[in-house]
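What follows is one structure encoded as structure tokens, with my remarks underneath.
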Amino acid sequence: MDLSAESIEFECPACAFTNTVTLRQVELEEQIICDGCLEMIHIHDEESSTRRAREDVESALNSLEGLFKRGFT
């Protein structure tokens, strides 16, 4: 399961407008333009925490999916 395309919302630090980005954009530390004030926002993924969290969740979901396929045996 790949969660990279899942969206998250965050507030612009300049105007507090709610913007939406994908987890992939956060992991790549892309720059986006705020839809509210048109300021450039550089996304920073401190210590790759988003990537690590996504990988942990994907691993857990894949394990759970495996349990369902095997019928909890």
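Every read-out reported here was derived from the displayed coordinates using simple, explicitly stated rules and does not represent laboratory data. If you're wondering where the values come from, they're calculated on a predicted model, not measured in any experiment. We place every Cβ from the backbone using ideal geometry, glycine too, and count neighbours over all the protein chains shown.
Side notes on the structure shown:
- Per-residue Cβ neighbour rank within 10 angstrom, fewest leading, Thr22, Thr50: Thr22, Thr50
- Computed from backbone phi, the HN-Hα couplings of the range 34-50 come to 4, 6, x, 10, 6, 6, 7, 10, 9, 7, 10, 9, 3, 6, 6, 5, 5 Hz, rounded to whole numbers (Karplus: 6.51 cos²θ - 1.76 cosθ + 1.60, θ = phi - 60°; Gly and Pro given as x).
- Residues whose amide H comes within less than 5 Å of that of Glu39, counting only those at least five positions distant or on another chain, are Cys34 (H built at 1.01 Å from N in the peptide plane).
- Per-residue ellipticity at 222 nm computed for the chain from its helices equals -12000 deg cm²/dmol, with DSSP H segments shorter than 4 residues left out and the rest contributing -39,500 (n - 2.57).
- Distance between modelled label sites at Met1 and Leu64, nm, 7 Å Cα→Cβ extension: 0.5
- Going from the fewest other Cβ atoms within 10 Å to the most, the residues Ile33, Ile41 appear in the order Ile33, Ile41.
- Debye intensity ratio in log₁₀ form over the Cα atoms of the range 7-70, taken at each q of 0.16, 0.19, 0.23 Å⁻¹: -0.60, -0.74, -0.92
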